[in-house]
1. If only one of Gln96, Gln108 is within 28 Å of Ala164 (Cα to Cα), part of a helix (DSSP H, G or I) and in contact with a His (Cβ under 7 Å, 6 or more places away or on another chain), which one is it?
2. Hey, any hits in segment 16-30 for a residue that's farther than 21 Å from Lys166 by Cα and under 10 Å from the mean Cα position of the chain (by Cα)?
3. State yes or no: is Val76 under 21 Å from Gly27 (Cα atoms), among the β-branched types (Val, Ile, Thr) and touching a strand residue (DSSP E or B) at 6+ places or on another chain (Cβ under 7 Å)?
4. Kindly indicate the residue of segment 114-161 that is of a type in the set (Phe, Trp, Tyr) and part of a helix (DSSP H, G or I) and also farthest from Glu57 (Cα to Cα) among those meeting that condition.
5. Inside segment 64-78, can you point out the residues that are touching a helix residue (DSSP H, G or I) at 6+ places or on another chain (Cβ under 7 Å) and either crowded, with 18+ Cβ neighbours inside 10 Å or within 20 Å of Ser33 (Cβ to Cβ) (or both)?
6. Right, Arg71: at pLDDT 95 or above and closer than 16 Å to Thr124 by Cα or not?
7. Taking segment 132-157 on its own, how many of its residues are exposed (fewer than 13 other Cβ atoms within 10 Å of the Cβ) and closer than 21 Å to Tyr97 by Cβ?
8. With the structure loaded, tell me whether Val100 is more than 13 Å from the chain's Cα centre (by Cα) and of a type in the set (A, V, I, L, M, F, W, C) or whether it fails that test.
Amino acid sequence: MTSAMATATLGGGCFWCLDAVFSRMKGVISVTSGYCGGRTKNPDYESVCGGETGHAEVVRIEYDPALLSYREILEVFFSIHDPTTLNRQGNDVGSQYRSVIFFHDAEQEKIAREMKEKIEGAVTEIVSATEFYPAEEWHRDYFEKNPFQPYCRYVVGPKVEKFAKKFAAKLKT
């Protein structure tokens, strides 16, 4: 018997970081980098990075709720980025890098709001999921394909290491 899959859509800075972390998490079936929450149909990386579309860089996570809860996903999410910084994660500045949770149902919204309330100064947006646009192919598994690229070495890599240390029991084997 196969359980139904569930979806989480999260933005917390550059999607390369979130992809690299969540793709290593037990119970995650797939992670797709993309864009959500903007005004423009079919946005591309240049327009999103230029701040012209209103989209956030996000990951869409497909997971097995029999193996991983939404709350566990958000525990990791809140630990690998700074939810208290408005429109910025490190050197990535702009609304496209905002901390945002796009919920897919009332239960996800409830859990997200409960968890955000526990973080002093959190500015994470919690909004209903809008249309998701997958990012261009070259963004997929970016860290895996480019581990020695400077951004990956100095920004993505440390987040992956932090996740692996703090959540060792949640790592895929």
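1. Gln96
2. no
3. Criteria met by Val76.
4. Looking only at segment 114-161, we keep the residues that are of a type in the set (Phe, Trp, Tyr), and these are 132-133, 138, 142-143, 148, 151, 154.
Then drop every residue that is not part of a helix (DSSP H, G or I), which leaves 138, 142-143, 151, 154.
Working: Trp138: 14, Tyr142: 14, Phe143: 15, Tyr151: 16, Tyr154: 19 Å.
The extreme case among them is Tyr154.
5. Tyr70, Leu74, Val76, Phe78
6. So Arg71 passes the test.
7. The qualifying residues number 5.
8. It is false that Val100 is more than 13 Å from the chain's Cα centre (by Cα) and of a type in the set (A, V, I, L, M, F, W, C).
The values are calculated or read from the model by the stated rules, or taken from the named source; none is laboratory data. Since the structure is predicted, the reported quantities are computational estimates derived from the model, not experimental observations. No Cβ is skipped: glycine too gets one built from the backbone with ideal geometry, and neighbour counts run over all protein chains shown.
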